[in-house]
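*Asks:* One structure, pasted below without further comment.
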Amino acid sequence: MLMNAAVCESYGDPEVLQLKQVTRPEIAADEILVKNFAAPVTAADYRIRGLIAPKGFRFITRLAMGFSKPRKSILGLNFAGQVVAVGDKVTKFRPGDRVFGSTEFAFGTYADFVKIPEGNQVALIPDNLDYDQAAAIPFGAFSAHYFLIGQGKVRAGEDVLVVGASGAVGSAVVQMAKHLGAKVTAVCSGRNTQWVKDLGADQVIDYTQQDVSALTQKFDMIVECVSGLTWKQGKPLLKDNGRMIMIDGGWPGIGWTLATKFSSKRVIGGVASEKHGVLDTIANWYQAGILRPVIDRHYTLDEIQQAHRYAQSRRKRGNIVLTLNGYRGDPQHCLD
């Protein structure tokens with residue numbers, strides 16, 4: 001059987017993404033087949049498509065993703081849809097379940113159907129969320145949880161500065177840090193200040209009007225989501241025993257992580273790990289209304305080139321969601 005998919009058979013601009021019919025995946029005994037209704041277009045997706053890697057990571061990216069072209073021609077890391085078939089050994093899910101999650105770098109979510117091992121990061125969609133909202137959760141929430149809780153060990157009452165607070169990762173960091181009891185100062189452009197406040201930020205700085213590196217306030221933690229603040233600029237803003245998390249820091253972030261490991265002010269960099277069980281915790285927070293997904297725009301599968309172009313413009317707020325199989329997404333979920 002065939003299905004629609006956005007296929008990437010070479011590195012390049014968004015035009016390399018082409019809508020094609022491909023063979024629908026067949027599942028193994030421990031896998032589920034999901035009819036896919038929504039998938040986010042993330043920074044990771046367009047960077048792989050365009051071979052856009054952090055400084056020092058281009059060669060390693062080629063080795064990992066494919067030297068001359070993407071090894072996985074169907075991109076996309078996250079999904080939300082309905083289970084239509086399960087393997088003989090699957091016990092957690094059944095046909096009809098609404099699920100969302102991550103392929104854990106197996107990719108393939110720019111397609112009408114996705115197969116996922118039951119042991120992957122897959123969870124039931126909270127009852128209060130639609131497919132597009134669920135698809136908007138994993139990319140930012142995994143990073144926020146990994147760095148805030150797993151690595152940064154944020155504590156209630158700490159002062160946290162979030163640079164790049166309006167993106168998919170930054171908006172999740174703001175909400176999660178606030179939920180964990182931190183006092184959040186968010187940095188974004190002026191057009192986003194009000195809705196970042198609505199996400200829970202205690203104060204918001206418009207970086208077009210104020211130089212963040214010149215702040216006199218000191219912070220227990222700086223979360224750098226967009227490579228907008230260097231370690232040299234961030235270090236004076238930290239309190240003693242402060243941590244600067246460089247989510248998009250490339251080799252410099254990793255280098256500073258090693259160099260400052262035993263310093264009173266240190267850097268935490270690297271790539272977020274999707275620890276099993278975390279998605280269930282995150283889903284419970286969204287079910288309880290503690291966190292909420294943020295969607296900027298919807299695009300259909302045949303608009304994949306436009307979706308990538310907008311994502312790469314770095315002007316998006318929160319998440320861009322690709323809709324499939326006739327599902328359009330609720331326009332009320334989008335930001336005004």
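The values are calculated or read from the model by the stated rules, or taken from the named source; none is laboratory data. Owing to the predicted nature of the structure, the values given are computational and were not obtained by experimental measurement. Here Cβ is always computed from backbone atoms with ideal geometry, including for glycine, and neighbour counts include all displayed protein chains. Side chains are part of the model used for accessible areas, which takes the heavy atoms of the whole protein and leaves out ligands, DNA and RNA. Shrake-Rupley method; radii C 1.70, N 1.55, O 1.52, S 1.80 Å.
*Asks:* Go through (1) over 30 Å from Ala38 (Cβ atoms); (2) open to solvent by 30 Å² or more (accessible area, probe 1.4 Å); (3) of a type in the set (Ser, Thr, Tyr) for Thr193 and report which single condition fails.
*Replies:* The one condition Thr193 does not meet is (1).
*Asks:* Within region 103-111, is there a residue that is at pLDDT below 95 and hydroxyl-bearing (Ser, Thr, Tyr)?
*Replies:* yes
*Asks:* Can you work out which of the residues in region 137-158 that are small (Gly, Ala, Ser) and open to solvent by less than 10 Å² (accessible area, probe 1.4 Å) is farthest from the chain's Cα centre (by Cα)?
*Replies:* Only one residue tops the list, namely Gly152.
*Asks:* Of (1) surrounded by fewer than 18 Cβ atoms within 10 Å (Cβ to Cβ); (2) hydrophobic (A, V, I, L, M, F, W, C); (3) at pLDDT below 90, Ala214 satisfies all except one. Which?
*Replies:* Unmet for Ala214, out of (1) surrounded by fewer than 18 Cβ atoms within 10 Å (Cβ to Cβ); (2) hydrophobic (A, V, I, L, M, F, W, C); (3) at pLDDT below 90: (3).
*Asks:* Restricting the first residue to region 146-167 and requiring it to be polar (S, T, N, Q), which pairs with a second residue that is open to solvent by less than 40 Å² (accessible area, probe 1.4 Å) and part of a loop (DSSP other than H, G, I, E, B) meet a Cβ separation below 9 Å and a spacing of at least six or different chains?
*Replies:* Close Cβ pairs (under 9 Å, with a partner that is open to solvent by less than 40 Å² (accessible area, probe 1.4 Å) and part of a loop (DSSP other than H, G, I, E, B)) amount to Gln151/Gly270; Gln151/Ala272; Ser166/Ser189; Ser166/Val294; Ser166/Lys316; Ser166/Arg317.
*Asks:* Something else now. For region 42-50, check the following and say yes or no: at least one residue is closer than 30 Å to Leu129 by Cβ and part of a strand (DSSP E or B).
*Replies:* The answer is no; no qualifying residue exists.
*Asks:* Of all residues in region 8-36, count the ones that are open to solvent by less than 30 Å² (accessible area, probe 1.4 Å) and either touching a Cys at 6+ places or on another chain (Cβ under 9 Å) or assigned to a strand (DSSP E or B) (or both).
*Replies:* 7
*Asks:* Follow-up question, since we're still on this one. Going through region 80-131 one residue at a time, which ones are in a loop (DSSP other than H, G, I, E, B), touching a helix residue (DSSP H, G or I) at 6+ places or on another chain (Cβ under 7 Å) and under 26 Å from Met65 (Cα atoms)?
*Replies:* Result: Tyr110, Gln121.
*Asks:* Looking at region 111-136, which of its residues are touching a strand residue (DSSP E or B) at 6+ places or on another chain (Cβ under 7 Å), small (Gly, Ala, Ser) and either over 22 Å from Glu303 (Cα atoms) or surrounded by fewer than 20 Cβ atoms within 10 Å (Cβ to Cβ) (or both)?
*Replies:* Correct list: Ala123 only.
*Asks:* Which of (1) more than 24 Å from Ser213 (Cα to Cα); (2) in contact with a strand residue (DSSP E or B) (Cβ under 6 Å, 6 or more places away or on another chain); (3) in a loop (DSSP other than H, G, I, E, B) is the odd one out, the single condition Gly181 does not satisfy?
*Replies:* Among (1) more than 24 Å from Ser213 (Cα to Cα); (2) in contact with a strand residue (DSSP E or B) (Cβ under 6 Å, 6 or more places away or on another chain); (3) in a loop (DSSP other than H, G, I, E, B), Gly181 violates only (2).
*Asks:* Scan region 87-108 for residues that are over 20 Å from Asp280 (Cα atoms) and crowded, with 21+ Cβ neighbours inside 10 Å and jot them down.
*Replies:* Phe107, Gly108 - these are the residues of region 87-108 that are over 20 Å from Asp280 (Cα atoms) and crowded, with 21+ Cβ neighbours inside 10 Å.
*Asks:* So which of Lys261, Lys275 ends up being over 18 Å from the mean Cα position of the chain (by Cα) and open to solvent by 50 Å² or more (accessible area, probe 1.4 Å)?
*Replies:* Only one candidate passes the filter, namely Lys261.
*Asks:* How many residues does region 62-79 contain that are open to solvent by less than 60 Å² (accessible area, probe 1.4 Å), over 19 Å from the mean Cα position of the chain (by Cα) and within 19 Å of Gln21 (Cα to Cα)?
*Replies:* Residues that pass the stated criteria total 2.
*Asks:* Which residues, counting only those in region 248-289, are among the hydrophobic types (A, V, I, L, M, F, W, C), touching a residue at least 60 places away in the same chain (Cβ under 8 Å) and closer than 29 Å to Leu229 by Cα?
*Replies:* Passing the criteria: Trp251, Ile268, Ala272, Val278, Ile282.
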